[in-house]
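The structure appears right after this line, and notes come after that.
The values are calculated or read from the model by the stated rules, or taken from the named source; none is laboratory data. Source: prediction; values computed, not measured. Glycine also receives a Cβ, built like all others from the backbone with ideal geometry; neighbour counts cover every protein chain displayed. Accessible surface areas use protein heavy atoms only, side chains included; no ligands, DNA or RNA. Shrake-Rupley method; radii C 1.70, N 1.55, O 1.52, S 1.80 Å.
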Amino acid sequence: MPIYKVTEDGQPDRLIDALSSSAAIRHAAQQRFKATVMKSPTDIARLMSGGMPLETAAQQEDSTDGD
């Protein structure tokens, strides 16, 4: 597997052994972020009415996270 250097603003660079650059980024982000499915329309509406914008992620062909 190739080794990728992953850089995040204000953080030290990391070397990650991964199958692809997107897998390396997912690995690095997985340790900083947690994503949960929002099931309640009421909770979604409350967050959006408080000013949280809804973002749309680009689809990735190599996704293996089961979504």
**Report entry** Cα-based Rg and Dmax for the stretch 1-40, where Dmax is the largest Cα-Cα distance (Å)
**Finding:** 12.4, 41
Report task. Would you mind getting the Kirkwood hydrodynamic radius of the chain from its Cα pairs, rounded to one decimal in Å? Result -> 14.6 Å
Query - Carbon + sulfur, % of accessible area of the chain - ligands and nucleic acids excluded, 1.4 Å - result: 55 percent
Requested in this report: May I ask you to give the solvent-accessible area per residue for the chain, in square angstrom, as obtained with a 1.4 angstrom probe?
Outcome: 91 Å²
Report task. Let me have the 222 nm mean residue ellipticity of the chain computed from DSSP H runs of 4+ only, each contributing -39500 (n - 2.57), with the sum over all residues rounded to the nearest 500. Result -> -8000 deg cm²/dmol
Report summary line: Output ordering of 45-58, 8-21 (per-residue mean of other Cβ within 10 Å, highest first) is 8-21, 45-58
**Report entry** Using θ = phi - 60° and Karplus 6.51 cos²θ - 1.76 cosθ + 1.60, couplings along the stretch 6-14 (whole Hz; Gly, Pro as x)
**Finding:** 9, 10, 10, 3, x, 10, x, 4, 10
Query - Under Karplus coefficients 6.51, -1.76 and 1.60, residue-wise ³J(HN,Hα) of the stretch 43-59 in Hz, glycine/proline x - result: 5, 5, 4, 5, 5, 5, 5, x, x, 6, x, 8, 9, 10, 7, 6, 6
Query - L47 versus L19: modelled label distance in nm, points set 7 Å from Cα along the beta carbon direction - result: 2.8 nm
Requested in this report: Enter the angle in degrees (range 0 to 90, nearest 10) between the Cα long axis of helix 21-30 and the first principal axis of the Cα atoms of the chain, meaning the one along which they spread out most.
Outcome: 60 degrees
**Report entry** Cut-off under 5 Å, modelled amide H: who pairs with Y4 long-range
**Finding:** I16, D17, A18
